[in-house]
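Below is one structure, written out as structure tokens, with a few remarks after it.
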Amino acid sequence: MMAPDGTFYITTPIYYVNDKPHIGHAYTTLACDVLARFMRLDGRKVRLLTGTDEHGQKVQKSALAAGEEPQAFVDAVSQNFRDLAGLLNFATDDFIRTTEPRHIRACQAIWQKMADTGQIYLGSYSGWYSVRDEAYFDEKELQVVDGRRLAPSGAECEWVEEPSYFFRLSDWQQPLLDFYERNPDFIQPESRRNEVISFVRGGLRDLSISRTTFDWGVPVPGDPKHIMYVWLDALTNYLSALGFPDTDDALYQAFWPCDVHVVGKDILRFHTVYWPAFLMAANVPTPRRVFAHGWLLNRGQKMSKSLGNVVSPKDLKDRYGLDQTRYFLLREVPFGSDGYISHEAMVARCNGDLANDLGNLAQRVLSMVAKNCNGAVPEAGALNDADTLLLDRARGLLPALRRELSALAFHRGLEAVWAVIGDANRYVDEQAPWTLRKTDPARMATVLYTLAETVRMIAILLQPFMPDAMGRMLDQLAVAADQRDYRRIDAASALVPGTPLPRPEGVFPRFVEAEEEAAG
Ligand code: MSP
């Protein structure tokens with residue numbers, strides 16, 4: 001999945017600005033941020049793009065409901081999404097807004113390219129449209145409830161009849177099926193790939209790609225009464241942020257085709273059917289991979305404003321801590337599946353995995369070193385089998401994480417790390433350095449050295465998930481800032497005996513308050 005030249009371009013969906021960001025939005029960007037950080041530490045040149053989807057009927061309606069001009073409205077809401085980066089420590093490289101001139105230019109250019117190849121014609125559309133999904137539906141896809149037509153998502157559809165430009169999507173059925181065949185990794189996970197293939201096998205109808213009954217969008221080149229269908233507009237963001245249509249632009253040259261578009265399962269069809277078809281029609285290379293993750297459910301229910309069960313990223317951070325939240329979201333739910341989040345699960349992870357397993361390991365080791373080794377990295381004697389085994393396991397985590405994160409299996413990557421944390425905790429108990437202090441101080445020093453070196457590697461490896469907390473752990477081991485990338489997971493970069501260490505401090509406090517609340 002990695003580009004041969006070692007670059008890595010990863011994108012989040014661009015978020016509709018009809019609503020404040022909730023944890024579902026933060027989840028997608030978090031996953032992308034972790035993968036981007038991982039690739040950077042592993043030596044790739046990375047570009048992580050996020051942004052906001054600001055056109056279309058849904059956004060226009062929300063602006064109207066708020067009594068604001070669309071532009072003023074999108075300016076304000078877009079800023080909330082931009083603020084997420086600061087709140088959850090996302091290291092994004094660019095933030096694209098679809099109302100920016102660079103994006104409008106790219107949309108018009110891709111339209112023109114599709115028109116030049118004869119893929120667009122003028123007709124008229126009459127049929128059902130769901131504003132909430134910003135999608136067209138066939139009568140047979142809809143459910144009739146009390147005379148209302150509902151889309152599979154449950155959103156109400158309205159009847160639309162208007163002149164419209166169409167894209168010859170029906171021409172692309174076979175080319176798409178051939179494309180999926182040639183690129184077996186294009187759609188992941190596998191179950192989603194099968195879903196998309198059977199949808200395309202079922203036949204494709206030409207797609208309406210312009211609207212005339214409202215005006216909040218990108219004008220169609222040469223016919224500005226029409227504005228572009230918001231999904232054609234939105235998908236193009238992945239190109240506009242690289243300087244497209246200037247294919248000589250250094251960013252386009254370095255980063256297109258995209259390595260992975262990470263999306264929620266609800267928007268898979270747009271990314272795996274429409275998007276590659278648009279690109280093939282415009283003679284632009286197709287992205288390498290689209291990965292669809294599942295839904296985060298609040299105690300089993302999908303979060304929505306109407307249910308009043310929306311979890312805000314800020315509340316989670318304020319209550320449990322920044323890195324605790326980052327860790328929890330990617331550990332608790334296998335990426336790709338739907339999963340529940342709850343206060344109880346969060347507390348269990350904070351106290352079990354973080355405070356007890358990892359926090360205590362680091363704290364026990366560092367405080368024994370502080371007390372018994374003059375506050376400096378201890379001198380290791382000859383290593384025995386148990387020492388070597390533990391160090392080898394920690395070192396072996398790098399290839400394991402590469403494998404799991406390439407498949408976006410964050411939970412499995414973390415499981416592998418926690419297996420070694422478990423080994424390290426057992427090693428402490430077995431070696432009992434507190435007993436060796438009296439009986440064999442030289443052996444105690446070797447054991448503490450082995451443990452400190454194991455913690456060093458674990459902290460380096462976990463930086464993408466918990467950048468702040470692991471940064472503090474590495475500070476306590478006096479690991480220099482330029483010694484924290486993945487080339488340092490080797491014996492040559494091991495801790496140097498005699499290096500003075502700062503006074504140890506716990507990194508993951510226990511969540512006591514919450515336990516009291518839960519009990520009460
Ligand atoms: N604007 C479109 C995307 C255009 S990309 C060219 C859109 N925006 S959205 O704001 O509605 O959703 C953005 C992403 O957030 C989607 O991938 C969606 O799956 C994700 N999530 C929104 N709520 C979610 C959960 N409760 N759980 C997990 N992800 C969810 O769609």
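What to note about this one:
- Signed unit charges on C-beta, dipole axis of the stretch 168-299, positive-most listed residue PRO219, PHE244, HIS271: HIS271
- Simple label model, 7 Å out from Cα along Cβ direction - SER342 to ILE197, nm: 3.7 nm
- The shape of the stretch 130-212 comes out oblate: with a ≥ b ≥ c from the C-alpha gyration tensor, a/c is at least 1.5 while a/b does not beat b/c.
- Phi to ³J(HN,Hα) by Karplus 6.51 cos²θ - 1.76 cosθ + 1.60 over the stretch 262-278, Hz, x for Gly, Pro: 9, 9, x, 4, 6, 10, 5, 4, 4, 7, 10, 10, 5, 4, x, 5, 4
- Cα gyration tensor shape for the stretch 343-493, rounded if a/c is under 1.5, else prolate or oblate: prolate
- Taking 0.36 nm per residue of separation and subtracting the current Cα-Cα distance, fully stretching the chain between ARG503 and THR213 would add 97.7 nm.
- Distant-in-sequence amide contacts of LYS45, defined by a placed amide H-H separation under 5 Å and a gap of 5 or more residues or a different chain, comprise THR7, PHE8.
- Simple point charges give the picture: +1 on the Cβ of Lys and Arg, -1 on the Cβ of Asp and Glu, and for the stretch 193-284 a dipole about the Cα centre of about 500 debye.
- Scanning residues 5 or more positions from ARG97 or on other chains, those with amide H under 5 Å from its amide H are THR52, with H placed 1.01 Å from N in the peptide plane.
- Segments 196-203, 148-155 sorted - mean Cβ within 10 Å per residue, highest first: 148-155, 196-203
- Arranged from fewest to most other beta-carbon atoms within 10 Å of their beta carbon, LEU389, LEU495, LEU358, LEU401 become LEU389, LEU495, LEU401, LEU358.
- Legend: ranking of residues TRP418, TRP172 from fewest to most surrounding C-beta atoms inside 10 Å; resulting order TRP418, TRP172.
- Reach of LYS45 by Cα under 23 Å, taken over lysines that are not fewer than 8 positions away in the same chain: none
- Computed [θ] at 222 nm, deg cm²/dmol, the chain (DSSP H ≥ 4; -39,500 (n - 2.57); rounded to nearest 500): -14000 deg cm²/dmol
- If you sort the three axes of the alpha carbon gyration tensor as a ≥ b ≥ c, you get a/c of 1.5 or more for the stretch 36-123 and a/b no higher than b/c, which makes it oblate.
- Dipole magnitude of the chain, debye to nearest 20 (Cβ charges: Lys/Arg +1, Asp/Glu -1, about Cα centre): 820 debye
- Sequence-distant residues sharing a close amide H with HIS293 (under 5 Å, placed H): VAL263, GLY264, LYS265
- Relative packing of 206-213, 138-145, which averages over residues the other C-beta atoms within 10 Å, highest first: 206-213, 138-145
- Span-rule helices in the chain, defined as complete DSSP H runs reaching 30 Å or more along the axis (Cα) with Kyte mean at least -0.5: 410-431, 441-462
- Packing-based exposure ordering (other Cβ within 10 Å, fewest first) of THR388, THR92: THR388, THR92
- When each of the peptides 447-458, 237-248 is scored by the mean number of other C-beta atoms lying within 10 Å of its residues, the order from highest to lowest reads 447-458, 237-248.
- Inter-label distance for ASN356 and ARG319, nm, one decimal - labels placed 7 Å from Cα along Cα-to-Cβ: 2.1 nm
- Charge dipole magnitude, Cβ of K and R +1, D and E -1 - the stretch 383-506, Cα centre, debye nearest 20: 100 debye
- Straight-distance candidates among the aspartates and glutamates for linking to LYS58, with alpha-carbon spacing under 17 Å and chain neighbours fewer than 8 residues away dropped: ASP19, GLU68, GLU69, ASP75, ASP133, GLU134, GLU156, GLU158, ASP215, ASP233, ASP266.
- Rough spin-label spacing in nm, given labels placed 7 Å along Cα→Cβ, for ASP185 and THR439: 5.1 nm
Throughout, read-outs are computed from the coordinates displayed, never taken from laboratory work. Every value quoted in this text rests on a predicted model; they were computed, and no experiment measured them. Neighbour counts run over all protein chains shown; Cβ positions are idealised from the backbone, glycine included.
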